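The values are calculated or read from the model by the stated rules, or taken from the named source; none is laboratory data. What you see is a predicted model, and the numbers here were worked out from it, not measured in a lab. Quick reminder, even Gly has a Cβ in these numbers, built from the backbone with ideal geometry, and neighbours come from all protein chains shown. Note: areas computed on protein heavy atoms with side chains; ligands, DNA, RNA excluded. Shrake-Rupley method; radii C 1.70, N 1.55, O 1.52, S 1.80 Å.
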Amino acid sequence: SAKPESEPATLEPSETLLFDSSEDALQNKIAYPTAGDARVTASVLTLEPGQRGNVLQHETPMFGYVLEGEVTLNYGRNGFKTFRAGESMLQPMKRPFRTINEGDDTAKILLVSMGAEGAPRAQVVEE
């Protein structure tokens, strides 16, 4: 049977791939926690111009997508990597780093942690 004349045409949604890799930002293979029930957590991290985060290390895979501004990740002896709005990364696990906003604008990063129940997303590391 034919569609009624008043029914709108169906539009296919469009998809933009943000990240697709089996490695993190430092070319390490991705590994998932093996203990506890799977748990995904999403948040938005906001850094004002000149703001620096604590030195952290992730205990679970952490995906980041820069929504606004730009951030520089200081991986110590592994160097610096800068990510701008529209760019994504997968943070290395168990590698200390610091997030810095060296830009003139507020930076916002969507963070998605793929962990396990009871496993911390990140730990503050002594400087």
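Taking amide H as placed 1.01 Å from N in the peptide plane, PHE80 has its amide H under 5 Å from the amide H of TYR75, each at least 5 places away in sequence or on another chain. The portion of the accessible surface of the chain made up by carbon and sulfur, rounded to a whole percent, is 48 (1.4 Å probe; DNA, RNA and ligands excluded).
Here the convex hull built on the C-alpha positions of the stretch 82-127 has a volume of 113 cubic angstrom per residue.
Taking ARG39, ARG98 and ordering them by how much accessible surface each has at a 1.4 Å probe, largest first, produces ARG39, ARG98. So if we plug the beta-carbon distance of ASN78 and GLN123 into 1/(1 + (r/R0)^6) with R0 = 22 Å, what FRET efficiency do we get, rounded to 0.05? That gives a FRET efficiency of 0.80. Each Lys and Arg contributes +1 and each Asp and Glu -1, all at the Cβ; summed about the Cα centre of the chain, the dipole is approximately 560 debye. Solvent-accessible surface of the stretch 8-109, averaged per residue with a 1.4 angstrom probe and all protein chains in place: 63 square angstrom. Remark: the stretch 85-96, residue by residue, has Karplus-estimated 3J(HN,Hα) of 3, x, 9, 10, 8, 10, 5, x, 8, 6, 10, x Hz, where x stands for each Gly or Pro and the curve is 6.51 cos²θ - 1.76 cosθ + 1.60 at θ = phi - 60°. For LEU45 and SER14, the FRET efficiency from 1/(1 + (r/R0)^6), where r spans their Cβ atoms and R0 equals 22 Å, is about 0.25.
For the stretch 46-52, the Karplus equation 6.51 cos²θ - 1.76 cosθ + 1.60, evaluated at θ = phi - 60°, returns couplings of 10, 10, 7, x, x, 6, 10 Hz by residue, with Gly and Pro reported as x.
Determine the percent antiparallel among the DSSP beta bridges restricted to the chain, to the nearest 5. Expressed as a percentage, antiparallel bridges in the chain total about 95.
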